[in-house]
Amino acid sequence: MPYPTGYPAHPGQASGHPEDAEHSDEHAEHSEHAEHSEHAEHSEPGPELRAELVQASLVAIAVAVAGVLLGLLWLWLAPKVPLVSDGSAVYLKNSEGEDAVGADGMFTLLGLAFGAVSAIIVFLLFRHGGIALVVGLAIGGVLASVIAWRLGVWLGPTSDVVAHAKAAGKGVTFDGPLKLGAKGALLAWSVAAMVIHLALTGLFGPRDPEPALPPTATPGAR
């Protein structure tokens, strides 16, 4: 029976069957659940990505802690800068020496060596690692280099040259403070680690299986 307005009722309502309305509610509920599940899948990282992020964080922390060893070796191996005082001023004992530059070079060489070793260790431990491990190596290398730099300066001769000269006495040679003039050396560890790790992954890393070749047709076959 049509409505007083003259328009027919909604098909679902005109049928008068409650099963149609119930089916419509269930369909809407399933659609909402599927949309929520799809949104959750896109918003939350998968288990493999979470595992890679955890591994990268552990690598960054371990590499940063290894910066203590770099700092101690730098303090031990870096050439000393001999200074001497005449009572009124402090001078380089060897004005033509390159000891200050040698400290920068030693830090760079040690950073490259530590970067190569850390990359090899990480590759052997996590052969299936992705780009997250490389990022962890890079961040850890920078942190380790900064820790090594500050530790070496802190444990080395005092930076108060005037006080050190007065304590040593006039005409007595003493060691100058340990400095890192070329701040670009702080990137040596990270650069070496990334290059070595990417090279090892390209040479010895896991490779995707080759697709199977289609069967060849035998001559004369129909």
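Would you confirm, using the coordinates I've provided, whether F107 is crowded, with 17+ Cβ neighbours inside 10 Å, modelled with pLDDT of 95 or more and either aromatic (F, W, Y) or under 26 Å from A192 (Cβ atoms) (or both)? Spelling it out, F107 is indeed crowded, with 17+ Cβ neighbours inside 10 Å, modelled with pLDDT of 95 or more and either aromatic (F, W, Y) or under 26 Å from A192 (Cβ atoms) (or both). Quick check on V142: is it surrounded by 13 or more Cβ atoms within 10 Å (Cβ to Cβ), at pLDDT 90 or above and in contact with a Pro (Cβ under 9 Å, 6 or more places away or on another chain)? Judged against the criteria, V142 is not a match. If you go through the stretch 153-199 and keep only what is in a loop (DSSP other than H, G, I, E, B) and among the acidic types (D, E), you end up with just D160.
The values are calculated or read from the model by the stated rules, or taken from the named source; none is laboratory data. These numbers were taken from a predicted model, which means no experiment stands behind them. Here Cβ is always computed from backbone atoms with ideal geometry, including for glycine, and neighbour counts include all displayed protein chains.
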